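See structure below.
The values are calculated or read from the model by the stated rules, or taken from the named source; none is laboratory data. Note that the coordinates shown come from a computational prediction; the quantities given were computed from them, not determined experimentally. FYI the Cβ positions are ideal-geometry reconstructions off the backbone, even for glycines, and counts take in every protein chain you see.
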Amino acid sequence: MAQHTPKIAPSVLAADFSQLGAEVAAVPDADWIHVDIMDGHFVPNLSFGADITAAINRVTEKDLDVHLMIENPEKWVDNYIKAGADCIVFHVEATDDHVELAKYLRSQGVRAGFSLRPGTPIEDYLDDLEYFDEVIVMSVEPGFGGQSFMPEQLEKVRTLRRVIDERGLNTIIEIDGGIGEKTIAAAAEAGCDAFVAGSAVYGAEDPNAAVQTLRALASK
Ligand code: DX5
Ligand code: ZN
């Protein structure tokens, strides 16, 4: 079972970029703000970088959950640490030494996370969980908001939940992609602690009410 009150992390990827300050202020009940960084190489889309991340950090006290969908993350993490990231999540497919990078992130005072594409098995990384504060299980192919949830990815969540609980670790399991009112309960049931929601929050008429509804559904 998930050990924490479910955390809801709205992704500003789905927000109106022309008024990011207002969009972040529109979700006062969010736990974290999820910041999707895409470089047009690791994923076929470009979002924004460290300067915009720093701008988001200036308008909120909430923790920034920075999801780096970029190649060579080790070259860029310092920029995101300076920008105010609280947790930095990089992709295991994009780096040669995920443990080394995790150790570096923790040494710099930020939480370390890794994420995997839907096609990447979790088994190779289970032995290294102690180095990580968070794992993001992708339930869509990274690169775009608004895609359909891939329920088979919950098998990874179940495996992670079992191993994390068996070893008494505090690693948070976050799910990212296609999370909304119809899918969040299944993800919670599988053992997720944290839930990214882009279009389900910023596509709603009342984004903060959407955050509350999602948390209630995940708490059942
Ligand atoms: C996808 C991003 C997600 C995305 C989620 O590559 O990592 O964080 O913003 O958007 P929704 O919730 O709309 O699937
Ligand atoms: Zn993301």
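Looking only at the stretch 84-94, residues that are closer than 14 Å to His67 by Cβ and out of contact with any His (no Cβ under 8 Å at 6 or more places or on another chain) come to 7 in all. Kindly evaluate Ile33 against the criterion of being crowded, with 20+ Cβ neighbours inside 10 Å, in contact (Cβ under 8 Å) with a residue 60 or more places away in the chain and in contact with a Leu (Cβ under 6 Å, 6 or more places away or on another chain). When the stated conditions are applied, Ile33 does not pass them. If you filter the stretch 6-32 down to residues that are part of a strand (DSSP E or B) and either more than 19 Å from Gly146 (Cβ to Cβ) or in contact with a Ser or Thr (Cβ under 6 Å, 6 or more places away or on another chain) (or both), you find that the one that is nearest to ligand 1 (Cβ to nearest atom) is Trp32. Scanning for something within 12 Å of ligand 2 (Cβ to nearest atom) and farther than 23 Å from Thr159 by Cα, does the stretch 109-125 turn up at least one residue? Taking every residue of the stretch 109-125 in turn, none turns out to be within 12 Å of ligand 2 (Cβ to nearest atom) and farther than 23 Å from Thr159 by Cα. Say whether the condition of being in contact (Cβ under 8 Å) with a residue 24 or more places away in the chain, touching a helix residue (DSSP H, G or I) at 6+ places or on another chain (Cβ under 6 Å) and farther than 19 Å from Leu13 by Cα is met by at least one residue in the stretch 160-170. Checking the stretch 160-170: at least one residue is in contact (Cβ under 8 Å) with a residue 24 or more places away in the chain, touching a helix residue (DSSP H, G or I) at 6+ places or on another chain (Cβ under 6 Å) and farther than 19 Å from Leu13 by Cα.
Checked against the criterion of being free of Cβ contacts under 8 Å to residues at least 60 places away in the same chain, touching a strand residue (DSSP E or B) at 6+ places or on another chain (Cβ under 6 Å) and of a type in the set (Ser, Thr, Tyr), the candidates Ser148, Ser115, Ser139 yield just one match: Ser139. Do you know which residues across the stretch 132-148 are more than 10 Å from Leu116 (Cα to Cα) and within 8 Å of ligand 1 (Cβ to nearest atom)? Matches in the stretch 132-148: Val140, Gly143, Phe144, Gly145, Gly146, Gln147. I'd like to verify a number: residues in the stretch 1-59 that are under 25 Å from Thr171 (Cβ atoms), over 16 Å from the mean Cα position of the chain (by Cα) and among the acidic types (Asp, Glu), how many? Of the residues in the stretch 1-59, 1 are under 25 Å from Thr171 (Cβ atoms), over 16 Å from the mean Cα position of the chain (by Cα) and among the acidic types (Asp, Glu). Counting only helices (runs of 4 or more DSSP H) that sit completely within the stretch 114-220, those holding 3 or more residues that are at pLDDT 95 or above, crowded, with 20+ Cβ neighbours inside 10 Å and among the small types (Gly, Ala, Ser) correspond to 184-190. Scanning the stretch 33-58 for residues that are in a loop (DSSP other than H, G, I, E, B) and either over 14 Å from Phe17 (Cα atoms) or in contact with a Pro (Cβ under 7 Å, 6 or more places away or on another chain) (or both) returns Gly40, His41, Phe42, Val43, Pro44, Asn45. Only residues that are over 12 Å from Phe90 (Cα atoms) and either in contact with a Phe, Trp or Tyr (Cβ under 8 Å, 6 or more places away or on another chain) or among the aromatic types (Phe, Trp, Tyr) (or both) were counted across the stretch 27-42, and they come to 1.
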